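Engineer: Below you'll find the structure I mean.
The values are calculated or read from the model by the stated rules, or taken from the named source; none is laboratory data. This is a predicted model, so every value here is computed, not measured. No Cβ is skipped: glycine too gets one built from the backbone with ideal geometry, and neighbour counts run over all protein chains shown. Protein only, heavy atoms only, side chains kept; ligands, DNA and RNA dropped before computing areas. Shrake-Rupley method; radii C 1.70, N 1.55, O 1.52, S 1.80 Å.
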Amino acid sequence: MSFLKLNQISHQYLYKKGYTKALKDISFTASEGSFISLLGPSGCGKTTLLSIIAGLIEPTRGEVTLQDKPISDSKSDIGYMLQQDYLFPWKTILDNALIGPQIQQKQKNAIKEKAIQMLEDLGLSDVIDSYPHSLSGGMRQRAALVRTLITDPNLLLLDEPFSALDFQSKLKLEDLVSNLLHQYNKTSVLVTHDIGEAIAMSDRIYLMKADPGEIQKVFEIPIELRNLPPFQARKHLKYQQLFDRVWEELNKLEAKSIV
Amino acid sequence: MKQNQLSDDQLFKQYQKKININRLKIILWQFVIFISFFGLWELSSQLGWIDKLIFSSPSKIWMLFTENLVDGSLWFHSRVTLFETIAGFILGTISGIILAAILWWSDRLSKILDPYLVVLNALPKVALGPIIIVALGPGYLSIIMMGAIISVIVTTLVVYSAFKEVDSNFTKVLKSFGATKWQCFKEAIFPASFPSMISTFKVNVGLSWVGVIVGEFLVAGKGLGYLIVYGFQVFNFTLVLYSLLVIAFFAAIMYFLVEKLEKWLIKNPDN
């Protein structure tokens, strides 16, 4: 049984003066606990696809199911991380972390303690009562990660969550996220344009092309890399080989789009 | 070279001293302007450079002030106008924000109402004075309405555009947790618009005074606006200028209170 299933998803954006086809016939499945990456140039509809999986946008055609139920029935099972942290500047870090339970009206003392525990685990114990502006980018994204995980989602959607960070924070956070996801056996979909990140973190990569957004190629990540934390995976010989293959494929896509 | 001989602590103290001196300089200049304005006014009035009848003089105004302070008429008239202005300000601002929220809620309604709002905004609201007075009677109520109506549309337009400009990713975060439209408004749209709301408050403080004073011009038998009209009718310009200075004083206090509110609402210790 596939955990997450996308069946022939197509989406077009309608404007006053016409429409653009953002996505065309996207189908894939992800099994429970797996990590999928959607890799592609900007404008290939990655973020649109992620919003569709999250149930935030209704696709023009096709359907998304999570555990064989339509996605609209299981919204509280989904966690979403954005490119930037989007912590609310007027809330403390703890209140930011608790926004999900608050929205779902599940705020209890137990969940508050859990949030404090998670923030402490991620090295944020000193800033629990601080406001987001006093934190570094890496700390903010870690707080956003707690906010996403606190509602205990089964499916995590990551929309380039590391792209706004400096390289060092990015590598550290990749390891942290990968470790947490394995620990809790979460299923994840990562959107990225960073080839290295996609290879280091995922089990499978879907390479997408733009205009319209379509799946061009699928790469299975070798088992040796899958079992390594991202930082270690980056040093592995097979990482470099796969990187070159993906690189070549991406270049082909770009060459096509220039012609 | 000299810099190197100072310890970090000394450098910091030097910096603090510099900041204090700069602050003192600014206060000093503000004081100098204040004193020279009133000094020059008094002097030119005494020496006959300006018409004593029209421009009066600070000493005469001060005499009138102490007189009115003692017999209680200062507080009597100020109280009336102050109450009307604050009521008008609150009424106008809150209804403006509520209207903006309704427009944000319904995209279609906001598109339908758009041309009407633009025209209403351009309309000189004080021109509605006579109608309001006839409709609501010559009293507190119509003057408060004048204070409110002058600020309500501009508040609606400014706050509505602030609501629209809130980064949609904040609502995306909330929606990913399954938030309803009301929750999105309460948790993201409304608090994110505090800075714009505060700036409309600041504008509305001034506008409410305009509305109320005009309202008092038209009907009142008491209040600072009434004193101005009365002073004009009996050619007592000391009374006019005295009322004006009292208004300036209270307007400044209201503005100051809005600034306090700003510091309390917007939690950003950077400033």
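Engineer: Looking at region B:228-271, which of the residues that are within 14 Å of another protein chain (Cβ to nearest Cβ) and out of contact with any Phe, Trp or Tyr (no Cβ under 9 Å at 6 or more places or on another chain) is least open to solvent (accessible area, probe 1.4 Å)?
Structural biologist: B:D270
Engineer: Let me ask you something else. Which ones in region B:83-98 are open to solvent by 20 Å² or more (accessible area, probe 1.4 Å) and of a type outside the set (F, W, Y)?
Structural biologist: Within region B:83-98, B:I86, B:A87, B:I90, B:L91, B:I94, B:S95, B:I97, B:I98 meet the criteria.
Engineer: Taking the conditions exactly as written (over 30 Å from A:P41 (Cα atoms), of a type in the set (A, V, I, L, M) and either open to solvent by less than 50 Å² (accessible area, probe 1.4 Å) or away from chain B (no Cβ under 13 Å) (or both)), does A:L190 satisfy them or not?
Structural biologist: no
Engineer: Give the residues of region B:191-227 that are free of Cβ contacts under 8 Å to residues at least 40 places away in the same chain and open to solvent by 20 Å² or more (accessible area, probe 1.4 Å), sorted by residue number.
Structural biologist: B:A192, B:S196, B:F217, B:G221
Engineer: Can you pull out the residues in region B:66-82 that are touching a residue at least 40 places away in the same chain (Cβ under 8 Å) and open to solvent by 60 Å² or more (accessible area, probe 1.4 Å)?
Structural biologist: Correct list: B:F76 only.
Engineer: Does region A:171-185 include one or more residues that are in contact with a strand residue (DSSP E or B) (Cβ under 7 Å, 6 or more places away or on another chain) and either assigned to a loop (DSSP other than H, G, I, E, B) or open to solvent by less than 50 Å² (accessible area, probe 1.4 Å) (or both)? Write out each step before concluding.
Structural biologist: Of all residues in region A:171-185, those in contact with a strand residue (DSSP E or B) (Cβ under 7 Å, 6 or more places away or on another chain) come to A:181.
With the extra rule that they be either assigned to a loop (DSSP other than H, G, I, E, B) or open to solvent by less than 50 Å² (accessible area, probe 1.4 Å) (or both), the set shrinks to A:181.
Yes, region A:171-185 contains at least one residue that is in contact with a strand residue (DSSP E or B) (Cβ under 7 Å, 6 or more places away or on another chain) and either assigned to a loop (DSSP other than H, G, I, E, B) or open to solvent by less than 50 Å² (accessible area, probe 1.4 Å) (or both).
Engineer: Let me ask something additional. Within 30 Å of A:E248 (Cβ to Cβ) and modelled with pLDDT of 85 or more - does that describe any residue in region A:148-156?
Structural biologist: Yes.
Engineer: What are the residues in region B:174-186 that are open to solvent by less than 70 Å² (accessible area, probe 1.4 Å), touching a residue at least 12 places away in the same chain (Cβ under 8 Å) and either within 10 Å of another protein chain (Cβ to nearest Cβ) or under 19 Å from A:S51 (Cα atoms) (or both), if any?
Structural biologist: Those that are open to solvent by less than 70 Å² (accessible area, probe 1.4 Å), touching a residue at least 12 places away in the same chain (Cβ under 8 Å) and either within 10 Å of another protein chain (Cβ to nearest Cβ) or under 19 Å from A:S51 (Cα atoms) (or both): B:L174, B:C184.
Engineer: Here's another thing I want to ask about it. Return the pairs, sorted by first residue and then second, in which the second residue is open to solvent by less than 10 Å² (accessible area, probe 1.4 Å), the first residue lies in region A:143-162 and is at positive phi, the beta carbons are less than 7 Å apart, and the residues are 6+ apart or on different chains.
Structural biologist: Sorted first by the residue in region A:143-162, then by its partner, the pairs are A:E160/A:V191; A:E160/A:T192.
Engineer: Going by the structure shown, is B:A179 closer than 30 Å to A:E58 by Cβ, in contact with a helix residue (DSSP H, G or I) (Cβ under 7 Å, 6 or more places away or on another chain) and of a type in the set (A, V, I, L, M)?
Structural biologist: yes
Engineer: Let me ask you something else. Within region A:65-118, which residues are crowded, with 19+ Cβ neighbours inside 10 Å, small (G, A, S) and farther than 21 Å from B:T171 by Cβ?
Structural biologist: A:A115
Engineer: When you look at A:G138, is it more than 21 Å from A:L180 (Cα to Cα), buried (at least 16 other Cβ atoms within 10 Å of the Cβ) and more than 10 Å from chain B (Cβ to nearest Cβ), yes or no?
Structural biologist: So A:G138 does not fit the description; no.
Engineer: Out of region A:1-54, which residues are touching a helix residue (DSSP H, G or I) at 6+ places or on another chain (Cβ under 9 Å), closer than 19 Å to A:L155 by Cα, touching a residue at least 12 places away in the same chain (Cβ under 8 Å) and open to solvent by less than 10 Å² (accessible area, probe 1.4 Å)?
Structural biologist: Result: A:L4, A:L6, A:I9, A:I26, A:S37, A:L38, A:L39, A:I52, A:I53, A:A54.
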